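Accompanying notes for the structure given below.
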Amino acid sequence: MEQTINYIYNKIEAINPIHSKKLKKNIAFFDERYDKLADAFFKKYIQILQLQNKTLDYAIDCYLQMIADVNSETIEFLRTGKYTSSTFEEVNQRVYARPETMEYYMHGLIMSQFLWKHHYQMLDYFINTLPGYRNKTKSYLEIGVGHGLYLSKALEILDDKTTLTAVDISRTSIALAKSFINDDRIAYNLENIYDYNNGEKFDFITLGEVLEHVENPLQLLLKIYGLLSDNGVLFFTTPTNAPAIDHIYLFNNVNEIQAIIKAAGFEIESERSFLSEEVSPEKAEKFKIAILYGAFVKKAKITQ
Amino acid sequence: MNRSEILKTVNEVFIDILDDESLVLTEETSANDVEDWDSLNHIQIVVAVEKQFKIRFTSQEILSWKTVGEMISSISSKTL
Ligand SMILES: C[S@@+](CC[C@H](N)C(=O)[O-])C[C@H]1O[C@@H](n2cnc3c(N)ncnc32)[C@H](O)[C@@H]1O
């Protein structure tokens, strides 16, 4: 395992030394739980790459390509204060509907789950909190399943009889999630979430890094409210100040996210905020450093 | 502005972004010589230098610099 991680770090250092400095700062946060999780992940991931005649080097290239995108988007964001795209149609053309882009993006993103401190911390939060909802969850839906890592963990944690459904607008994401999970229990739907409706209500919904991809996050949350059973729980994550090729809605701070959750009729059961860089709060604000916010929320009781 | 004046201004930007008053840059300084010059700070430096000199770099330029001197050459070609 250490071998794999070291291999990745060395390769990145050779190709992009400036970025490698940032990654090395993350190592300090990785504990024993990380080692176990990352170990299991990379074993499985390398096998899947091999099945597709790809190597770990391919995945590292994908990751660095994603980093190059993030860097140029960040420069533009710092210049203008805005994300470069503002409509769903733009990012659909530019990203979701373009397999060449989506392919490196999703491989890059899955690598980042174990290379970025805040991505690992969020996954860890999910894995540690989901078991508390195991008994109440008979049906599970993930929206914007992407690479499938979160769904693979839900599959491990939830009861064998729980039904699992995944929705994603990108063919590439669905294919990657399928290859990563490879389990008949999951019903995959290649669809825009706004078009998805088969009348079913879900006890648990996961929405990982999707809110910033829609023009109107409140509208998406209202849609989800409708898909959730009365006592159902939504786990969602979304970043502030996180320029990327397919981000269109800018949350300037965590308060804005919390406000929208409340406006959609939810109340927060538990929440976390993780800074994407190891800097002081003052510097984070000055530099507009991304914060990844995640929360477990449920329908607010109407008190009158 | 001549190169040494540009270097002086660039040095001030680095000091501000990296929070290091003692930092002394030369044209030969590279990211290897400055511990905190990582990807995050690099991007912040690029945008702060642009604002300071009222110029825009191209993405090729940003990727091509190996030393402070090369950055100064880019600035100098735009502030003539
Ligand atoms: C940034 S990825 C997130 C992947 C994963 N959930 C995670 O948290 O790392 C966003 C995913 O949402 C999908 N997506 C974006 N907009 C969507 C929409 N309107 N309906 C369904 N899926 C969407 C994209 O195709 C992509 O796979």
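Of everything in the stretch B:57-69 that is assigned to a helix (DSSP H, G or I) and surrounded by 14 or more Cβ atoms within 10 Å (Cβ to Cβ), the residue that is nearest to the other protein chains (Cβ to nearest Cβ) is B:ILE62. Quick test for you: out of A:GLU212, A:GLU256, pick the one residue that is on the phi < 0 side of the Ramachandran plot, in contact with a Pro (Cβ under 8 Å, 6 or more places away or on another chain) and not in a strand (DSSP E or B). Answer to the check: A:GLU212. Criterion first (under 15 Å from A:MET66 (Cα atoms), of a type outside the set (Ser, Thr, Tyr) and out of contact with any strand residue (DSSP E or B) (no Cβ under 8 Å at 6 or more places or on another chain)) does A:ILE110 satisfy it? The answer is yes for A:ILE110. Would you please name the residue that is modelled with the lowest pLDDT, looking only at residues in the stretch B:10-35 that are in a helix (DSSP H, G or I) and open to solvent by less than 20 Å² (accessible area, probe 1.4 Å)? Within the stretch B:10-35, the match that is modelled with the lowest pLDDT is B:ALA31.
Within the stretch A:24-54, being open to solvent by less than 80 Å² (accessible area, probe 1.4 Å) and within 26 Å of A:GLU100 (Cα to Cα) holds for A:PHE41, A:PHE42, A:LYS44, A:TYR45, A:ILE46, A:ILE48, A:LEU49, A:GLN52, A:LYS54. Just to be sure I understand, how many residues within the stretch A:195-209 are of a type in the set (Asp, Glu), part of a loop (DSSP other than H, G, I, E, B) and within 11 Å of the ligand (Cβ to nearest atom)? Counting residues in the stretch A:195-209 that are of a type in the set (Asp, Glu), part of a loop (DSSP other than H, G, I, E, B) and within 11 Å of the ligand (Cβ to nearest atom) gives 1.
Of all residues in the stretch B:36-56 being crowded, with 20+ Cβ neighbours inside 10 Å and not in a helix (DSSP H, G or I), which is nearest to the other protein chains (Cβ to nearest Cβ)? Among them, the one singled out is B:ASP38.
Of all the numbered requirements in (1) within 14 Å of chain B (Cβ to nearest Cβ); (2) out of contact with any Gly (no Cβ under 7 Å at 6 or more places or on another chain); (3) open to solvent by 50 Å² or more (accessible area, probe 1.4 Å), A:GLN65 misses one, and that requirement is (2). Go through the residues of the stretch A:36-55 one by one and say whether even a single one is at pLDDT 95 or above and hydroxyl-bearing (Ser, Thr, Tyr). Taking every residue of the stretch A:36-55 in turn, at least one turns out to be at pLDDT 95 or above and hydroxyl-bearing (Ser, Thr, Tyr). Number of residues in the stretch B:8-35 that are at the interface with chain A (Cβ under 9 Å from one of its Cβ atoms), under 19 Å from A:VAL279 (Cβ atoms) and more than 11 Å from the chain's Cα centre (by Cα) equals 2. Residues in the stretch A:124-139 that are in contact with a helix residue (DSSP H, G or I) (Cβ under 6 Å, 6 or more places away or on another chain) and crowded, with 16+ Cβ neighbours inside 10 Å: A:ILE127, A:LEU130. Name the residues in the stretch A:226-249 that are away from the ligand (no atom under 12 Å from the Cβ), away from every other protein chain (no Cβ under 14 Å) and surrounded by 17 or more Cβ atoms within 10 Å (Cβ to Cβ), would you? Passing the criteria: A:LEU227, A:LEU228, A:SER229, A:GLY232, A:VAL233, A:LEU234, A:THR240. Looking at the stretch A:152-171, can you tell me whether even one residue there is touching a residue at least 60 places away in the same chain (Cβ under 8 Å), near the ligand (Cβ under 10 Å from one of its atoms), assigned by TED's automatic domain parsing to the domain that holds A:LYS262 and out of contact with any Phe, Trp or Tyr (no Cβ under 8 Å at 6 or more places or on another chain)? Yes, the stretch A:152-171 has at least one match.
Pairing residues of the stretch A:69-82 that are within 10 Å of chain B (Cβ to nearest Cβ) with residues that are open to solvent by 50 Å² or more (accessible area, probe 1.4 Å) and assigned to a helix (DSSP H, G or I), at Cβ distances under 8 Å and at least 6 apart in sequence or on separate chains, gives A:SER72/B:SER59; A:ILE75/B:SER59. Exactly one residue out of A:THR74, A:THR84 is outside any helix (DSSP H, G or I), more than 14 Å from the ligand (Cβ to nearest atom) and over 12 Å from the mean Cα position of the chain (by Cα): that is A:THR84. If you go through the stretch A:259-304 and keep only what is within 11 Å of another protein chain (Cβ to nearest Cβ), touching a residue at least 12 places away in the same chain (Cβ under 8 Å) and either more than 17 Å from A:THR238 (Cβ to Cβ) or surrounded by fewer than 14 Cβ atoms within 10 Å (Cβ to Cβ) (or both), you end up with A:GLU277, A:GLU278.
The values are calculated or read from the model by the stated rules, or taken from the named source; none is laboratory data. Treat the numbers as computed from the prediction; the structure is a model and nothing was measured. Counting neighbours? That spans all protein chains shown, and the Cβs are built from the backbone with ideal geometry, glycine included. Just the protein is used for accessible areas: all its heavy atoms, side chains included, with ligands, DNA and RNA removed. Shrake-Rupley method; radii C 1.70, N 1.55, O 1.52, S 1.80 Å.
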